[in-house]
Amino acid sequence: MSNWQEEKAKKNRQALARLTTALPRIFPPVVLSHALGRPFVPPTPRLAIDAYWRAHPLRADRLARALAARGNAPDGWLWQVSPDRKSGLPATFRTPPAPYRERAHARGPGFCCVCGQPVYRFGWHADLWRAGANKNATWHCACVTAWQFWNAPSEQVRLLRRLQARRCGQTGRRLWRTAEVDHRVPLFRVWSEHRHTPWPALLDYWGLPNLQVINRDAHAAKCAAEARDRRATRALRAEVADRS
Ligand SMILES: [Zn+2]
């Protein structure tokens with residue numbers, strides 16, 4: 001074994017010993033088997049859970065939306081954006097709407113600011129330990145990964161390409177290396193036309209149901225068509241306003 005391999009094996013033995021000592025009697029088996037199969041074993045249960053969700057962003061996306069679907073938006077909440085940072089609102093419509101991240105509606109420690117549901121030990125979403133909500137947490141580990149995925153889906157382009165069997169979501173042709181991640185319903189249209197969709201259904205526009213990988217030329221054509229539509233809608237609105 002090379003020095004590097006010896007070093008890695010030693011680190012892994014130490015990490016495994018730490019993990020085994022810290023591991024509670026009850027622990028999600030899928031997370032444990034994922035941790036033990038890593039090239040570098042995560043040394044704590046919490047890191048094992050983080051690593052599991054980071055490796056499965058689509059599962060995290062599905063779970064975060066399912067958790068959010070257990071509740072509703074707070075009474076009186078409306079999806080709003082504001083360039084004023086002090087407002088505590090998202091600066092742009094590109095950020096997924098998350099009422100419980102807004103100061104006015106935050107549920108406080110023990111609740112996830114993305115989905116609004118209780119957070120349990122190790123940032124897990126179910127109380128496997130019957131220990132009640134974890135008052136030190138304001139995010140589920142799964143929701144952290146989902147949030148990153150919703151905000152930067154392009155980082156998972158390889159995963160999404162595989163899911164589409166490397167075919168362009170728009171034309172069905174083979175995907176080029178330069179293919180891009182696209183929101184089927186563009187986010188500007190979600191804001192202008194679907195803004196009043198009740199939360200949490202709104203989140204689907206950021207999740208897998210609204211994502212596709214398409215070739216660059218198809219993407220450019222789609223954007224041009226969307227821009228044409230927008231111009232036509234504006235012209236029509238102006239005409240209607242002139243007549244009234
Ligand atoms: Zn959550």
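Assorted remarks:
- Of all residues in region 75-104, those satisfying the criterion of being part of a helix (DSSP H, G or I) and either more than 19 Å from the chain's Cα centre (by Cα) or of a type in the set (G, A, S) (or both) are R85, K86, S87, R103, A104.
- Of everything listed in (1) over 30 Å from I49 (Cβ atoms); (2) in contact with a strand residue (DSSP E or B) (Cβ under 6 Å, 6 or more places away or on another chain), the single unmet condition for V240 is (2).
- Taken together, the residues in region 177-213 that are touching a helix residue (DSSP H, G or I) at 6+ places or on another chain (Cβ under 7 Å) and over 29 Å from W77 (Cβ atoms) amount to 4.
- For T138, the conditions (1) in contact with a strand residue (DSSP E or B) (Cβ under 9 Å, 6 or more places away or on another chain); (2) away from the ligand (no atom under 16 Å from the Cβ); (3) without any contact (Cβ under 8 Å) to a residue 60 or more places away in the chain; (4) β-branched (V, I, T) all hold with the exception of (2).
- Residue within region 94-102 that is at pLDDT 95 or above, away from the ligand (no atom under 15 Å from the Cβ) and farther than 22 Å from W53 by Cβ present: yes
- Segments classed as helices (runs of 4 or more DSSP H), wholly inside region 146-244, with at least 3 members that are over 25 Å from the mean Cα position of the chain (by Cα) and modelled with pLDDT under 95: 216-243
- Residue, nearest to the ligand (Cβ to nearest atom), within region 105-135, restricted to residues that are part of a helix (DSSP H, G or I) and within 29 Å of L211 (Cβ to Cβ): G123
- Looking across region 99-127 at every residue that is closer than 16 Å to G76 by Cβ and of a type in the set (G, A, S), the one that is surrounded by the most Cβ atoms within 10 Å (Cβ to Cβ) is identified as G116.
The values are calculated or read from the model by the stated rules, or taken from the named source; none is laboratory data. Remember, predicted model here, so these are calculated numbers, not experimental data. Cβ sites come from the backbone with ideal geometry, for glycine too, and all protein chains shown count toward neighbours.
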